[in-house]
Structures are given as structure tokens and as C-alpha cells.
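Dumping the structure here so I can ask a few things about it.
Bear in mind that the values in this text are calculations on the coordinates, not laboratory data. Note that the coordinates shown come from a computational prediction; the quantities given were computed from them, not determined experimentally. Virtual Cβ from ideal backbone geometry, glycine too; neighbours counted across all protein chains shown.
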Amino acid sequence: MDYKIALIPGDGIGPEIVREAKKILDKVCLIYGHSFTYKELLLGGASIDRHGVPLTDETIADAKASDAVLMGSIGGDAKTSPWYQLEPSRRPEAGLLGIRKALNLFANLRPAYLYEELKAACPLKEERIGAGFDMIIVRELTGGLYFGKRETAEKDGVMTAVDTLTYNENEIRRIAVKAFDIAMKRRKKVTSVDKANVLDSSRLWRKVVEEVAKDYPQVTLEHMLVDNCAMQLVHNPGQFDVILTENMFGDILSDEASMVTGSIGMLSSASLNETKFGLYEPSHGSAPDIAGKGIANPIATILSVAMLLRYSLDLDKEADAVEDAVRQVLKDGYRTVDIMSGGCMQVGTVQMGDLIAERIR
Ligand code: NAD
């Protein structure tokens with residue numbers, strides 16, 4: 001099949017890691033007989049340098065015309081980069097928020113997977129880790145408390161701040177459908193996280209999720225209160241498959257889950273809209289402190305390629321092949337500096353990309 005992939009190298013280590021991710025896509029093409037047409041787009045600091053703004057209409061149009069977007073990361077060192085002398089709406093991060101909005105990316109996916117070989121980086125005790133864990137957090141990204149009406153004003157002589165948490169049934173339904181669709185590609189369990197003992201929005205959330213679950217009889221649904229979920233993530237992370245939750249709970253829980261894996265250079269993410277289209281990127285930032293040194297870990301971006309293949313192109317076999325190649329490279333003892341441990345062989349960004357590409361079968 002022929003697919004159009006938009007590439008956003010971005011800033012800092014972005015271009016270095018996207019180059020390696022493209023190498024992986026090219027290898028998938030070669031082995032599985034697909035054809036990918038790439039278009040490089042500017043976003044963030046790279047766009048400011050060329051066009052004076054972090055996001056242009058051209059970048060939005062080109063992204064929309066593609067089947068999926070693969071991004072590195074954007075942004076620079078806030079203390080030293082001239083980009084941060086600009087007003088907030090013209091800084092690199094405004095470009096990222098702008099493109100997510102323009103593409104209507106309402107579903108954020110963050111996997112947290114513990115590689116046997118990187119167990120030492122996991123801050124949990126051996127007995128908590130058990131047989132390891134492999135979960136994905138599906139977070140609603142465009143509604144809830146972060147997008148509700150807000151106000152700070154003096155009321156009866158007292159400064160008072162109000163934030164509003166609103167969800168309608170359509171917003172809940174579309175994110176729930178995503179979570180159940182994803183569960184169908186995995187171990188078929190959804191844990192829906194809310195605060196239904198207190199919040200009206202959570203009670204509506206629970207009701208709609210239960211309605212959606214009826215269309216997925218093979219998927220087991222359980223509900224969990226967010227405070228309990230925060231505890232369970234460090235108590236018994238192996239119990240989770242797909243965690244479905246609203247914007248703010250997901251913001252907090254996805255960071256907690258990623259810390260439990262212990263390796264920032266390994267964490268991929270995806271943001272999807274109502275079609276198969278998505279934007280795929282590592283969970284980490286542009287790491288300006290190591291940019292240009294050739295030592296950045298490209299694995300988070302390469303695992304984002306696996307997500308792109310699975311969720312936007314429905315190429316599950318190819319996605320498995322990429323994930324297997326990453327596992328094999330770790331098993332063979334190769335590490336970038338951020339995940340280095342005794343007895344392993346340290347490699348740079350390009351070599352890590354080559355080693356993974358070689359192992360794609
Ligand atoms: P960061 O994730 O870029 O870096 C944190 C630490 O982790 C640094 O020491 C860095 O060297 C290391 N690190 C990160 N990715 C790595 C990799 N692949 N391999 C090896 N080491 C890696 O976070 P930060 O320093 O807070 O942010 C730097 C810039 O990135 C800022 O401008 C921030 O706004 C931006 N940022 C962008 C995104 C995005 O594009 N989605 C996300 C987060 C931060």
C-alpha cells in the first residue's frame with residue numbers, strides 16, 4: 001500500500017531522532033512491500049526561524065493531507081533561546097498546541113511498558129513489578145477542566161478563582177470508543193477511571209462508558225476511582241491493560257505511569273482524531289542539553305512509529321515487527337547513554353537506529 005507520512009523533525013534532538021525513525025519506516029517498506037511518501041514540515045522553533053511564527057497554515061494543510069504525522073519534539077532552552085523572548089503565543093509550544101487543535105486530536109495515548117532488560121530502572125520493588133507491566137493510558141485531551149470557563153475575581157471582598165469541569169456525552173462517547181477499539185487490539189480489558197463518588201461529570205462518564213461497552217462484549221470493563229488508580233499504579237501495575245480517563249486525571253496518571261517505567265527515552269505517545277489519523281511523538285521533549293551530540297535515545301520515536309503503523313495504518317504485523325526489533329536490541333545488550341548499565345554496549349543515536357532496523361523481520 002502507498003501511504004503519505006508527514007515528518008516534523010522539530011527542534012533540539014528532534015531532527016536526529018526523526019531521522020532514525022524514518023530509517024525504520026523505510027525498512028518496514030522494504031520488507032513488507034509498502035511505499036511511504038514523506039513530506040517534511042516545520043513546527044515550533046524551526047518554523048519561527050523560517051517564518052517568524054511557530055505554526056503556519058501550510059504546515060496544517062500538509063499535515064491534514066497526510067495519513068499520519070510523525071514528530072520529533074519542539075522547543076529550546078527557555079533561559080538561552082531567543083524563541084522565549086517572543087510573546088507566549090509566538091513561542092514554539094504555541095505551535096504544538098495549535099496543531100493539536102487544528103487537527104482535532106482529542107485522544108491521547110501513552111503506553112507504559114516495562115522491558116525485562118530495563119527492570120533495574122523501575123523504581124518499584126521486585127515483588128511489585130511481578131511479571132512486568134504493559135498498559136496504555138487513553139486520555140481525553142480537548143475537554144474537561146483544562147478547557148472549561150475560568151475566572152479569578154474578588155467576591156465579597158475575597159479573591160476567588162473558579163475553574164469549570166464540563167463534559168458532554170458526545171465527548172465521552174468518542175474517547176470511550178477509541179479506548180475500546182484499542183483494547184480489541186490488546187488484552188481486551190478497559191479500566192475506566194473517574195471520581196463518580198463525588199463528581200457529576202464522572203457519573204455521566206461512567207454511564208456513557210457503560211453504554212459504549214455494550215458494543216464490545218469481548219472487552220472486560222471495570223471502573224476505578226482516580227485516587228485508587230494512583231495507588232494501584234505503584235502497587236500492582238501489572239493489572240492494567242487500557243486505562244480510559246478524562247483530561248486532568250489522565251495528565252497526572254500518565255506521568256505517574258511513565259515514571260514507573262523509569263526510562264524517559266523509551267516512552268512513545270500518540271494523539272488521534274475521530275478518523276484513523278494521528279500525530280505520533282515521543283513523550284520526552286527536545287532535550288536541548290544533548291542536541292547535536294549524537295547520543296539521544298531514538299527508541300521512544302521508533303516506538304511511536306510502531307504506534308503509527310498500528311493505529312493509523314492498521315499494519316499490526318509491521319508494528320509488532322518494530323516492537324520486537326527494539327526488544328531484541330535491548331536483549332542483545334545495546335544501550336544509549338540514558339539507559340546504560342554495567343555489562344552493556346553503549347551506542348549513539350545513529351547506531352541504535354541501524355541496530356533496530358537490522359532486526360526488523
Ligand atoms: P526533556 O524531555 O527535553 O529533557 C529532560 C531530560 O531528559 C534532559 O536531561 C534530556 O537530556 C533527557 N532526555 C530527554 N529525551 C531524551 C532522549 N531521547 N535520549 C536521552 N536523553 C533524553 O524536557 P525539558 O528539558 O523539560 O524540555 C526541553 C524542551 O522540550 C523545552 O523547550 C520543552 O518545552 C520542550 N518539550 C517539548 C515537548 C514536545 O515537543 N511534545 C514535550 C516536553 C517538552
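Rg to Rh ratio, the range 16-131, alpha-carbon atoms and Kirkwood radius? Don't jump to the answer; show the numbers that get you there.
Working: Rg = 18.5 Å, Rh = 17.2 Å.
In the range 16-131, Rg relative to Rh is 1.08.
Net charge near E211, counting Lys/Arg +1 and Asp/Glu -1 over other residues with Cβ under 9 Å of its Cβ? It would help to have the intermediate numbers written out before the result.
Numbers: positive: R173, K207, K214; negative: E169, E210, D215.
That sum, taken over residues with Cβ under 9 Å, equals 0.
Filter the cross-link list K4/K189; K125/K317; K64/K101; K178/K331; K4/K27; K125/K331 down to pairs whose alpha-carbon distance in this structure exceeds 24 Å. Can you show the working numbers first?
Numbers: K4/K189 32 Å; K125/K317 34 Å; K64/K101 12 Å; K178/K331 32 Å; K4/K27 16 Å; K125/K331 22 Å.
With Cα atoms farther than 24 Å apart: K4/K189; K125/K317; K178/K331.
Rounded to the nearest 20 Debye, what is the dipole magnitude of the range 1-145 about its Cα centre when Lys and Arg each give +1 and Asp and Glu each give -1 at the C-beta? Provide the component values of the computation, followed by the final result.
Values: 18 positive and 20 negative charges, 37 e Å.
In debye, rounded to 20, the range 1-145 gives about 180.
Between V177 and K331, what FRET efficiency follows from the Cβ-Cβ distance if R0 is 41 Å, with the result rounded to 0.05?
Numbers: r = 36 Å, r/R0 = 0.88.
Once the sixth-power term is evaluated, E becomes 0.70.
Another question, then. Among the helices of the chain (complete DSSP H runs), which have Cα atoms covering no less than 24 Å along the helix axis and a Kyte-Doolittle mean of at least -0.5?
Within the chain the helices that satisfy the rule are 14-32.
Per the Debye formula with a single identical scatterer at each Cα and no solvent contribution, what log10 I(q)/I(0) holds for the range 260-361 at q = 0.11, 0.17, 0.22 Å⁻¹?
Debye output, listed in q order: -0.34, -0.79, -1.19.
Also, I was wondering about something else. Check D241: other-chain or 5+ apart residues with amide H under 5 Å from its amide H, H built from backbone geometry?
T191
Still on this structure, please answer the following. About its Cα centre, what dipole magnitude does the range 12-84 give when the only charges are +1 on Lys and Arg Cβ and -1 on Asp and Glu Cβ, stated in debye to the nearest 20?
Dipole magnitude for the range 12-84 comes out near 160 debye.
Another question about this same structure. Between D324 and A61, how many nm apart are label points set 7 Å from Cα along the C-beta direction?
4.3
Here's something else I'd like to know. Below 8 Å, C-alpha to C-alpha, sequence gap of six or more: please give me the relative contact order for the range 1-134 in percent.
Values: 193 pairs, mean separation 36.4, N = 134.
About 27 percent, as a whole number.
Can you tell me the relative contact order of the chain? Whole percent, Cα pairs under 8 Å, sequence separation 6 or more.
The value is 21 percent.
Additional query: For the range 155-212, just the Cα atoms, rotate onto the principal axes and tell me the three extents in Å, largest first.
Principal-axis extents of the range 155-212 (Cα, largest first): 55, 20, 17 Å.
Can you classify the range 303-361 as rounded, prolate or oblate using the Cα gyration tensor, where a ≥ b ≥ c are the square roots of its eigenvalues, rounded means a/c under 1.5, and otherwise it's prolate if a/b beats b/c and oblate if not? Don't skip to the answer; put the middle values down first.
Numbers: a/c = 2.61, a/b = 2.31, b/c = 1.13.
Prolate.
Step by step: find N for the range 167-321, compute 2.2 N^0.38 Å, then divide the Cα radius of gyration by it. What's the final number?
Numbers: Rg = 16.6 Å, N = 155, 2.2 N^0.38 = 15.0 Å.
Cα Rg divided by the expected 2.2 N^0.38 Å: 1.11.
Sort W205, W83 so the one with the fewest other Cβ atoms within 10 Å of its own Cβ comes first. Write down the numbers at each step before the final one.
Working: W205 29, W83 22.
By the 10 Å Cβ count, ascending: W83, W205.
Which three numbers, in whole Å and largest first, are the semi-axes of the equivalent ellipsoid of the chain derived from its Cα gyration tensor as √(5λ)?
Values: eigenvalues 192, 141, 90 Å².
In descending order the semi-axes read 31, 27, 21 Å.
From Cα pairs below 8 angstrom and at least 6 apart in sequence, can you work out the relative contact order of the range 165-316, rounded to a whole percent?
Numbers: 190 pairs, mean separation 30.7, N = 152.
Value for the range 165-316: 20 percent.
Tell me, in nm to one decimal, what length is gained between A131 and N197 on full extension, where the rule is 0.36 nm per residue of separation less the Cα-Cα distance? If you can, show how the numbers build up before the last one.
On the way: separation 66, 0.36 × 66 = 23.76 nm, distance 3.23 nm.
This chain segment gains 20.5 nm when fully extended.
So, one more: Can you give me the Cα centroid spacing of the range 78-127 and the range 129-156 in angstrom?
Centre-to-centre (Cα) distance: 15 Å.
Hey, another quick one. Label-point separation (nm) for E211 and Q85, each offset 7 Å from Cα along Cα-to-Cβ?
Each label point is offset 7 Å from its Cα along the Cβ direction, giving 5.4 nm.
Next up: May I ask you to derive the FRET efficiency for Q346 and K293 from their Cβ-Cβ distance with R0 = 22 Å, giving the value to the nearest 0.05?
Numbers: r = 13 Å, r/R0 = 0.59.
After rounding to 0.05, the efficiency reads 0.95.
Toward the positive end of the charge dipole of the range 37-119, about the Cα centre and with charges on Cβ (Lys, Arg +1; Asp, Glu -1), which of P88, L42, A63 goes farthest?
Final value for the positive-end residue is P88.
Give the long-range amide H neighbours of Y334: residues separated by 5 or more places, or on another chain, with amide H under 5 Å away, using H modelled in the peptide plane at 1.01 Å from N.
When sequence neighbours closer than 5 places are left aside, the close amide H contacts are M345.
To the nearest 500 deg cm²/dmol, what mean residue ellipticity at 222 nm is calculated for the chain from DSSP H runs of n ≥ 4 alone, each contributing -39,500 (n - 2.57), summed and divided by the residues? Before the final figure, lay out each step's value.
Working: 12 runs with 139 residues, N = 361.
Helices in the chain give a 222 nm mean residue ellipticity of -12000 deg cm²/dmol.
A further question on this structure: Sequence-distant or interchain residues sharing an amide H contact under 5 Å with I8, placed H: which?
Sorted by chain and number, the residues that satisfy this are L41, L70, M71, G72.
Computed FRET efficiency, Cβ-Cβ of M259 and M184, R0 30 Å: what is it to the nearest 0.05? Please list the in-between numbers first.
Working: r = 28 Å, r/R0 = 0.94.
The calculated FRET efficiency here is 0.60.
Now for a separate question. Once the piece of chain linking D163 and S35 is laid out straight, how much longer is it, given 0.36 nm per residue of separation minus the C-alpha distance between them?
Numbers: separation 128, 0.36 × 128 = 46.08 nm, distance 4.77 nm.
Result for the pair: 41.3 nm of gain on full extension.
Please compute the modelled spin-label separation between K276 and D156, points set 7 Å along Cα→Cβ, answer in nm with one decimal.
Placing both labels 7 Å along Cα→Cβ, they lie 5.8 nm apart.
Right, something else. From the phi of every residue in the range 108-118, what ³J(HN,Hα) in whole Hz does the Karplus formula 6.51 cos²θ - 1.76 cosθ + 1.60 yield, where θ is phi - 60° and glycine or proline is x?
With the stated coefficients, the range 108-118 comes to 10, 10, 10, x, 10, 10, 9, 6, 3, 6, 10 Hz.
Given +1 on the Cβ of Lys and Arg, -1 on the Cβ of Asp and Glu, and no further charges, what dipole in debye does the range 270-361 carry about its Cα centre, rounded to the nearest 20? Could you put the intermediate results ahead of the total?
Working: 9 positive and 13 negative charges, 40 e Å.
Magnitude of the dipole: close to 200 debye.
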